[in-house]
1. Restricting to region 185-221, name every residue that is out of contact with any strand residue (DSSP E or B) (no Cβ under 7 Å at 6 or more places or on another chain) and either closer than 18 Å to residue 18 by Cβ or crowded, with 16+ Cβ neighbours inside 10 Å (or both).
2. I'd like to know if region 44-63 contains one or more residues that are modelled with pLDDT of 95 or more, closer than 30 Å to residue 199 by Cα and touching a strand residue (DSSP E or B) at 6+ places or on another chain (Cβ under 8 Å).
3. Counting residues that are more than 30 Å from residue 41 (Cα to Cα), under 16 Å from the mean Cα position of the chain (by Cα) and in contact (Cβ under 8 Å) with a residue 24 or more places away in the chain, which strands (runs of 3 or more DSSP E) fully inside region 146-250 reach at least 1?
4. Quick one: in region 152-184, which of the residues that are modelled with pLDDT of 95 or more and surrounded by fewer than 14 Cβ atoms within 10 Å (Cβ to Cβ) is nearest to residue 102 (Cα to Cα)?
5. Going residue by residue through region 120-128, is there one that turns out to be closer than 19 Å to residue 81 by Cβ, under 18 Å from the mean Cα position of the chain (by Cα), buried (at least 22 other Cβ atoms within 10 Å of the Cβ) and modelled with pLDDT of 95 or more?
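The values are calculated or read from the model by the stated rules, or taken from the named source; none is laboratory data. If you're wondering where the values come from, they're calculated on a predicted model, not measured in any experiment. Reconstructed Cβ throughout: ideal geometry from the backbone, glycine too, with neighbour counts over all protein chains shown.
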C-alpha cells in the first residue's frame, strides 16, 4: 500500500495494492499521532467513541474536501454483525457492517481500530463494496454473505484487506479460535501462546476469500496495534479514535 499525503498534514492515507481499474478509488486514513495521553489524538472520524462532536465533524469535512469526494460518505452504525446495505436502494440501512454500490459517486465507508477493512470490486470495476471485518463478523460469515450479494461472479472479484491487528498481537482464547477456524486448513493461522493463541486475522480473511474462488486477493502488512503513530488500536488503547476506509467509483 502506498502512503498519500495532502496539503493538510493531519490527513494522510494509504491505498490498496490491487489490480483495480483506475476509476476505482479506495483508501484507509491514518491516525496522524500527535499526543500520546489523548486517546483521540490524530485524525479521528468516529462520533460514537466519546470525542467532541465538533472536532469529529471538522475532521469529516476535511476528509471530504481533502479527498475531493463526490458525495458525503454513507456512515454506518456498525455492530460487528453481517448486515450489508445496498447504497443503490432508496433508503439504505444504516445499522450494518458493510455496504456496496454500482453507482459512480456513492461513497462506502467503515470505521476501524484493529478490525480489518475489506475492499471488494471486480476486474471490470462495475461495483464497489466495503466490509467491517472484525473476528465476530468474520466468524459469522460476513465475507461469504457479501460475496453472495455482489453482482459479479466470484471469479471476477478482486479483494484487498486493509490495515488490521497483526498476527503477533492478536491474542485470543480457544473459544474465539474455534469460531474463527472455518477449516482444518486454518490451523496454521493460530500460534499457541500459553493457554491462549495468537491469531493471524488478515491471513484468515485472505484464506476465506480464496476459498470462495475470488480472482485476486491482497493484504496490507500494516499492524494497527504495533504503530501508535499511524494507527488507532482498540486492543492497545481501550478508548480511542477510529480510522476510516472508503471506496467509490469515480
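1. In the first step, residues of region 185-221 are kept if they are out of contact with any strand residue (DSSP E or B) (no Cβ under 7 Å at 6 or more places or on another chain); the result is 185-188, 192, 194-195, 200, 203-204, 207-208, 211-213, 221.
Passing the criteria: 186, 200, 203, 204, 207, 208, 212, 213, 221.
2. yes
3. Numbers: elements: 157-161, 190-193, 196-199, 216-219, 243-249.
Where strands (runs of 3 or more DSSP E) fall fully within region 146-250 and carry at least 1 residues being more than 30 Å from residue 41 (Cα to Cα), under 16 Å from the mean Cα position of the chain (by Cα) and in contact (Cβ under 8 Å) with a residue 24 or more places away in the chain, they are 157-161, 216-219.
4. The extreme case among them is 153.
5. Step one: list which residues in region 120-128 are closer than 19 Å to residue 81 by Cβ, which gives 120.
Of the ones still in play, those that are also under 18 Å from the mean Cα position of the chain (by Cα) are 120.
Okay, now just the ones that are also buried (at least 22 other Cβ atoms within 10 Å of the Cβ), so 120.
Now drop any that are not modelled with pLDDT of 95 or more, which leaves 120.
Yes, the conditions are met somewhere in region 120-128.
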